[in-house]
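Notes to accompany the following structure.
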Amino acid sequence: MSTARFVVAGEVRVPGDKSISHRALICASLATGTSRIRGILRSADVLSTAEVLRALGVAIPELTDDVSIQGVGPAGLRSPGGAADCGNSGTTARLMAGVVAGAGLDVTFTGDASLSRRPMRRVKRPLEAMGASVELPPHGGLPMRVRGTALHDLVWEGEIASAQVKSCILLASLCASVEVTVREPEKSRDHTERMLAAMGAEVWVNDDSVILFAGQTLTAMEIVVPGDPSSASFFAALAALAPAGDLWLRDVGLNDTRTGFLGALRDMGARVDLSGSTMRNGEYVGDLHVLGGEVLRGITVEREAIPRLIDELPLLACVAAYCDGTTTVTGAAELRVKESDRIAAVVGNLSALGADISELEDGFVVRGTRPRLRGTVTTHGDHRLAMAFGILAALPGNEIAIDDRDCVAVSYPTFWADLHRVTANA
Ligand code: S3P
């Protein structure tokens, strides 16, 4: 980096958590009574869930910062006339597949080109094991037709850690009033079980399994959505990389299943402090303070740690280029079936720009060289790639263009404005 005085300062209040926003809409719709949701993320993915719920007969008003939803319960849902379009959102397709199966509906889910390629057999298998019918095209993606009937109890041993699969099964159980046990090789994000419990359902949780008992119903509640730790991670990384970084990130969700990147940044030697953590709607929330100026060092991240930072791995690769030493990530093959093949995309882009990175089947190895990066990033329409490389583009000395800046609308529509604001003094 050429400028010792690169300043990243002030504070950012990142938009609402994407995972919690989807779940707030779904659980509020399935509850009895009127839920009030404040701070919901208004991004393309969450709008897709709202649209699918509307198609199923829930009166979801226009999403604002303070929105009230009258729950209809599983029995109040109806099959839509046409297909349910999930846009780019895997969470919408997989969670709503569970709702549809459990509520006994008949729905065909469609999506954009990226989502249509993503694997849906992972929800077909458990839903069929519960008694639903799920039809997929030969490639196993969308369109996916889900038909629910009377479902039965299930004990599911997942082969991969996936909160979307786990949530699909839990929501099918809730809607069908049957008992499910879901086990995972590593614990995935647990927002669904936390929200179900906060809304009155009897859920039993330990490190690698969840049980949702038969006959649970949800009671409406007031939900205040915390800032998204995945969105906050971009700014935490930027502040840590800036010689004169001093940034506050306000009201960020600090659920332990989501904070792996902040821990990794600390392991690299960055100063990341937490203050004022409180519990809200079953989720920890607090402020983060990140200081730059430290020399960062490479780290090793292995399979057991992956679910807690899965969405931040492209960003981790970008930060690793500015560390001393080597960063190795393994056990992250799931990255290949995200909004893009994130291993191929991050390796292809970082090497083309001038960083030293090699591809592994299930991860990557970055040798930190503090390169001056030049060139154009191909995002493949993937929001997290656009933002990770957006952070590198903000570093002085780099000349990086991004082919599709607008795709950040999927999870963080105001990303570029926030980035501009905190680097305005640079
Ligand atoms: C999500 C779960 C994760 C994550 C995705 C959001 C969720 O996906 O990568 O961005 O809200 O449940 P998987 O369940 O496929 O790991």
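In region 141-294, what percent of the accessible surface is made up of carbon and sulfur (1.4 Å probe, ligands and nucleic acids excluded)? If you can, show how the numbers build up before the last one.
Details: 2500 of 5250 Å².
In region 141-294, the share of accessible area belonging to carbon and sulfur is 48 percent.
So between Asp356 and Thr64, what do we pick up on full extension, going 0.36 nm a residue minus the alpha carbon distance?
On the way: separation 292, 0.36 × 292 = 105.12 nm, distance 4.37 nm.
Roughly 100.7 nm would be gained on extension.
Taking every Cα-Cα distance in region 189-253 and sorting them into 10 Å bins from zero, the calculated P(r) comes out as 18, 32, 24, 18, 8, 1 percent.
State whether region 82-148 is rounded, prolate or oblate according to the following rule on the C-alpha gyration tensor (a ≥ b ≥ c being the square roots of its eigenvalues): a/c under 1.5 gives rounded; otherwise a/b larger than b/c gives prolate, and the remaining case gives oblate. Kindly include the intermediate steps, with their values, before the conclusion.
Working: a/c = 1.79, a/b = 1.38, b/c = 1.29.
Prolate, since a/c reaches 1.5 and a/b exceeds b/c.
Evaluating kT/(6 pi eta Rh) at 10 °C and 1.306 mPa s, with the Kirkwood radius of region 329-372 over Cα pairs in the Stokes-Einstein relation, gives 150 µm² s⁻¹.
Hey, if we sort Arg250, Arg145, Arg271 by accessible area with the 1.4 Å probe, largest down, what's the order? Could you put the intermediate results ahead of the total?
Numbers: Arg250 55, Arg145 80, Arg271 105 Å².
These residues rank, largest area first, as Arg271, Arg145, Arg250.
How would you classify the chain from its alpha-carbon gyration tensor, with a ≥ b ≥ c the square roots of the eigenvalues: rounded for a/c under 1.5, else prolate if a/b is greater than b/c, otherwise oblate? Prolate. Hey, if you drop one equal point scatterer on each alpha-carbon of region 1-124 and run the Debye formula without solvent, what base-10 log of I(q)/I(0) do you get at q = 0.13 Å⁻¹? Cα-only, vacuum Debye calculation for region 1-124: -0.54.
Taking all protein chains into account, the per residue accessible area for the chain stands at 35 Å² (1.4 Å probe).
A Förster radius of 25 Å combined with the Cβ-Cβ distance from Val295 to Arg336 puts the calculated FRET efficiency at roughly 0.20. Using the empirical formula 2.2 N^0.38 Å as the baseline, the Cα radius of gyration of region 72-111 reaches a ratio of 1.11. Using the Cβ-Cβ distance between Glu159 and Thr414 with R0 = 51 Å, the FRET efficiency computed as 1/(1 + (r/R0)^6) comes to roughly 0.85. What ³J(HN,Hα) values, in whole Hz, does the Karplus curve 6.51 cos²θ - 1.76 cosθ + 1.60 give for region 140-155 when θ = phi - 60°, with x put for Gly and Pro? Per-residue couplings from phi come out as x, x, 8, x, 10, 9, 10, 10, x, 9, 5, 8, 10, 4, 8, 10 Hz.
Sorted from longest to shortest, the spans of the Cα atoms of region 158-203 along the three principal axes equal 27, 19, 13 Å.
For region 147-189 versus region 371-414, the inter-centroid distance based on Cα atoms is 36 Å. The C-alpha atoms of the chain define a longest principal axis, and helix 18-30 lies at about 10 degrees to it. Each 5 Å bin from 0 upward holds the following percent of the Cα-Cα pairs of region 251-387: 2, 10, 19, 21, 20, 15, 9, 3, 1.
For region 84-95, 3J(HN,Hα) computed residue by residue from phi via the Karplus equation (6.51, -1.76, 1.60; θ = phi - 60°) reads 9, 8, 9, x, 9, 9, x, 4, 4, 4, 6, 5 Hz, glycine and proline entered as x.
Between rounded, prolate and oblate, where does region 345-409 land on the alpha carbon gyration tensor, with a ≥ b ≥ c its root eigenvalues, rounded for a/c under 1.5, else prolate if a/b exceeds b/c? Display every interim value, and only then the final one.
On the way: a/c = 2.12, a/b = 1.18, b/c = 1.80.
Cα axes put region 345-409 in the oblate bin.
Between Ala214 and Arg250, the contour length at 0.36 nm per residue exceeds the alpha carbon distance by 9.1 nm.
The values are calculated or read from the model by the stated rules, or taken from the named source; none is laboratory data. Model, not experiment: these values are computed from the prediction. Glycine gets a Cβ as well: all are built from the backbone with ideal geometry, and neighbour counts include every protein chain shown. Each accessible area value is taken on the protein alone, full model and side chains, heavy atoms only, with ligands, DNA and RNA left out. Shrake-Rupley method; radii C 1.70, N 1.55, O 1.52, S 1.80 Å.
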